[in-house]
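See structure below.
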Amino acid sequence: MKFLPYSNSLHKYKVKREVNKLKIFEIIFVVLFVVLFSGMLYENITSHKIALNSKEKGKYVSIDESKIFYDVVGHGKATIILDSDIGADHLEWSKFVKSIPKEFRVFYYDRAGYGLSEASNKERTMEDEVKNLSDILYRGAINGPYIFVGNSYGSLLATNFAKAYPEQVIGVMLIDPILEKDLMVKENQKTLSKEIRIKSSQKFFANVGFVRMLNNLKLVNIKNDITSLLTPENAEVFNSSTVSKKYLKAYKEELNILKNYNLKSQEKALLGEKPLVLLLSENKGEQYLEEAKKLAELSSKSEIKVISSVSNIPLQGEDEVVFHLRNILEQTGKLK
């Protein structure tokens, strides 16, 4: 109680408690730490379970201290190398692999960070990715000669690999190839910069499992064009991998590779007389098709096939891939 001046009555007096700001900060810090640690633990455990539960049979080699997944199916006189688009893994070739004739020998793999492969411990360049592939083939005893099939981003690996190891490559198939000169266009540079910022943000939240939790609640989905084209089982596996921190890290790194790209592997006559097939999606538009067809000058033995009503040739035009690969094998005398 307290006597008030000029009053002869009694009034209640509330004692003001001093707020301990340091204590509040400590509580907030502890809560955030617990949330972040739990999120990171959840992400790591979930990613590990996905890898363990995968029904995919395959092999692994160590590249730059990271386990890289690969497999070889079939028997043949030449090895067909499959390389996926940016943001895609070996599942992009799942329908093709199931449809290959017995005389085809096919090698497929996941670049670092994608699918069943671990993330790389260092920033990579296109030259690094080409060298890594060469190391995988060597350590896995995957003998040549090679016929390289590259889809979009994979097409850059195909031509750069053929340039770096010309004696090992006897044929090439480029599917909707990325055009090197387009990467230098200012508008495309802006688009790549924007995509890199988006992937950086997604990767930050993926580190603490936030992206995966939102994905499980159907509140977010990392856009990728191949998910709807996969079997339900493969779509579930692939969708789960796209919200992992290693996937988003790999995607961001390859976007950076495209943004900083300064190589020249699409020069006239690069392949000499080696067979070249260009498989192009009609829905890419007339302007793209006109420019892409010019890549036929890479070889004196080139063929162009435009396929209609498809958005992803490996998953929707696998029969065309098989047909033209058979032609390459026949031309090179490597068909059993």
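Using a simple spin-label model with points 7 Å from Cα along the Cα→Cβ vector, what separation in nm is obtained for Asp225 and Lys293?
Spacing of the two 7 Å Cα→Cβ label points: 2.0 nm.
Any idea what the dipole of the range 52-331 comes to, in debye rounded to 20, about its Cα centre with Lys/Arg Cβ at +1 and Asp/Glu Cβ at -1?
Dipole of the range 52-331, to the nearest 20 debye: 700 debye.
Which whole-Hz couplings ³J(HN,Hα) result when phi for each residue of the range 177-190 is put into the Karplus expression 6.51 cos²θ - 1.76 cosθ + 1.60, θ = phi - 60°, listed in order with x for Gly and Pro?
Computed from phi, the couplings for the range 177-190 are x, 6, 8, 4, 5, 5, 5, 8, 5, 4, 5, 5, 4, 5 Hz.
Average the reciprocal distances over every distinct pair of alpha-carbons in the range 52-331, invert the result, and give the Kirkwood radius in Å.
19.1 Å is the Kirkwood radius here.
Does anything in the range 243-286 have its amide N under 17 Å from the 7 Å Cα→Cβ label point of Ser200, and if so which residues?
Answer for the range 243-286: 248-261.
Please list 316-324, 238-246, 186-194, 125-133 highest first by mean number of surrounding beta-carbon atoms within 10 Å per residue.
Descending mean neighbour count gives 238-246, 125-133, 316-324, 186-194.
In nm, give the distance between the simple-model label positions of Glu103 and Tyr165, each being 7 Å from the Cα along the Cα-to-Cβ direction.
Label at Glu103, label at Tyr165, 2.5 nm between them.
Starting from 0.36 nm per residue, how many nanometres of slack lie between Asn188 and Ser300 once their C-alpha separation is accounted for? Let's see the in-between values first.
Details: separation 112, 0.36 × 112 = 40.32 nm, distance 3.06 nm.
That pair, Asn188 and Ser300, stretches by 37.3 nm at full extension.
None of the figures in this text is laboratory data; all of them are computed from the coordinates on show. Just so it is clear, the model here is predicted, and its values are computed rather than measured. As a convention, Cβ positions derive from the backbone with ideal geometry for all residues, glycine included, and neighbour counts pool all protein chains shown.
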